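Working notes, structure below.
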Amino acid sequence: MKVLTIVGARPQFIKAASLSRYLKSLPDIKEIILHTGQHYDNNMNDNFFSELDIPRPDYNLGVGSDTHARQTARMMIGIEDVALKERPDFILIYGDTNSTIAGAIVGAKLHITVVHVEAGLRNFNKKIPEEINRIVSDSISALLFCPTETAVNNLKKEGITTGVYNVGDIMLETYLFYKNKALKNSSILNRLNLKSKEYILCTIHRASNTDNTENLKNIFIGLTNSKETIILPLHPRTRKIINQDKSIKKSIGKNINIIEPVGYFDMICLEVNAKKIVTDSGGVQKEAYFCKVPCITLFENTAWVETVEEGVNKIVEINPKSIRKNIISFNTSKENYTKKIFGNGKTSEKIVKLLYQYKNQL
């Protein structure tokens, strides 16, 4: 069996770590890894491959940043070239990035079985690029591996029921495998002179926040007014925007410590030891749940509705008062984390069994 895995962004490296490790242990499966180059910064790219022991990509398209159309088009051209050369049995895609949709379209057009890991997520807002990527990728995938029962139900409502399986969340498997190693090897608390549970971890990367000057200023004002120590690993794109706008710079208080993007081990260490997490990232929302840390989401909704229903994730309006108020007052208890909403951490094993099953039925 030959599997062509498409990755291109930080969350996909994390998800691929577990499944690639499992595939590597099986002598009758060959995995070919194609990195689109969507994330090309060393701290958001090479560090993840080395820390998570992901095999070096067999192909790197080096696409980099561009408009959605240009970036996706260049990815599709490169993926098609590799797929025609390698002739895989499966094209495996993760999540909801432009790398995801590019791999899905190429696979479907070449009649190669498309496998979508983390299928069925929806936030029901088609103005968000990721939502379009999810819908299109799911509609043309043959095997849809969902992380939660909600995701399965979302697909059912769209009339997609064939090839749909709830296999649990693969990011949980990665987290469980690497957590102790991350805490043992990371020195980031010492480097930043931090004490456990005495700081707020924040991430901001969504275009609706970073490309909107008013939103970005409101976020920084809310963070500043909280008076808490804020640790903010900053996405390169967000840093560029801040440097270009003096009004945004003025809204950043001295309590906000902006640092370079961090690797997976450092991020897990920062998450586990944070008092609270403030983010607009879907992946970080899940990791906050894994770490049992209260999460404040700076976005209008979330694909991880289960975390909101369990009272561990709060959707907060982008205004300084709401942000400040929830940083101060939003808390959770151990009882909020008792349900296994993301499965049991054995997602890779389930996926591979289903790949064998599907291939044997052909």
> Can you name the residue in the range 262-296 that is assigned to a loop (DSSP other than H, G, I, E, B) and in contact with an Asp or Glu (Cβ under 7 Å, 6 or more places away or on another chain) and, of all such residues, is surrounded by the fewest Cβ atoms within 10 Å (Cβ to Cβ)?
Replying inline: K275
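Taking into account only those residues within the range 327-347 that are part of a helix (DSSP H, G or I) and of a type outside the set (S, T, Y), which is surrounded by the most Cβ atoms within 10 Å (Cβ to Cβ)?
In this case the residue turns out to be I327.
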> Has the range 156-164 got at least one residue that is at pLDDT 95 or above, within 30 Å of C269 (Cβ to Cβ) and among the hydroxyl-bearing types (S, T, Y)?
Replying inline: no
>> Suppose we filter the range 209-238 for residues that are modelled with pLDDT of 90 or more and part of a helix (DSSP H, G or I); how many remain?
In response: 15
> Which members of the range 91-140 meet the condition of being open to solvent by 10 Å² or more (accessible area, probe 1.4 Å), within 23 Å of R70 (Cα to Cα) and in a loop (DSSP other than H, G, I, E, B)?
Replying inline: D96, T97, L110, N125, K126, K127, I128
>> So, in the range 141-159, how many residues would count as being open to solvent by less than 10 Å² (accessible area, probe 1.4 Å) and under 22 Å from L362 (Cβ atoms)?
In response: 3
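Look at the range 63-90 and say how many of its residues are among the small types (G, A, S), within 20 Å of P236 (Cα to Cα) and open to solvent by 60 Å² or more (accessible area, probe 1.4 Å).
Going through the range 63-90, the residues among the small types (G, A, S) turn out to be 64-65, 69, 73, 78, 83.
Add one more test, that the residue is within 20 Å of P236 (Cα to Cα), and what stays is 64-65.
Filter once more, so that each one left must be open to solvent by 60 Å² or more (accessible area, probe 1.4 Å): 65.
Total meeting the criteria: 1.
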> Being in contact with a Cys (Cβ under 8 Å, 6 or more places away or on another chain), among the hydrophobic types (A, V, I, L, M, F, W, C) and part of a helix (DSSP H, G or I), is that true of even one residue in the range 239-260?
Replying inline: no
>> Considering only residues that are open to solvent by less than 30 Å² (accessible area, probe 1.4 Å) and either of a type in the set (D, E, K, R) or closer than 16 Å to F299 by Cβ (or both), which ones fall in the range 221-254?
In response: G222, L223, T238
> What number of residues within the range 297-326 satisfy the criterion of being closer than 22 Å to K217 by Cα and outside any loop (DSSP other than H, G, I, E, B)?
Replying inline: 10
> Restricting to the range 25-47, what's the tally of residues that are of a type in the set (D, E, K, R), modelled with pLDDT of 95 or more and more than 21 Å from L110 (Cα to Cα)?
Replying inline: 1
>> So R324 passes all but one of these: (1) open to solvent by less than 20 Å² (accessible area, probe 1.4 Å); (2) touching a residue at least 40 places away in the same chain (Cβ under 8 Å). Which condition number does it fail?
In response: (1)
> Can K227 be described as of a type in the set (K, R) and touching a helix residue (DSSP H, G or I) at 6+ places or on another chain (Cβ under 8 Å)?
Replying inline: no
> Of the residues R74, R56, which is outside any helix (DSSP H, G or I) and of a type in the set (K, R)?
Replying inline: R56
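Any residue at all in the range 167-187 that is touching a strand residue (DSSP E or B) at 6+ places or on another chain (Cβ under 8 Å), of a type in the set (S, T, N, Q) and surrounded by fewer than 22 Cβ atoms within 10 Å (Cβ to Cβ)?
No, the range 167-187 contains no residue that is touching a strand residue (DSSP E or B) at 6+ places or on another chain (Cβ under 8 Å), of a type in the set (S, T, N, Q) and surrounded by fewer than 22 Cβ atoms within 10 Å (Cβ to Cβ).
The values are calculated or read from the model by the stated rules, or taken from the named source; none is laboratory data. If you're wondering where the values come from, they're calculated on a predicted model, not measured in any experiment. Note that each Cβ is placed from the backbone with ideal geometry, even for glycine, and that neighbours are counted across all protein chains shown. Ligands, DNA and RNA are excluded from the accessible area calculation, which covers all protein heavy atoms including side chains. Shrake-Rupley method; radii C 1.70, N 1.55, O 1.52, S 1.80 Å.
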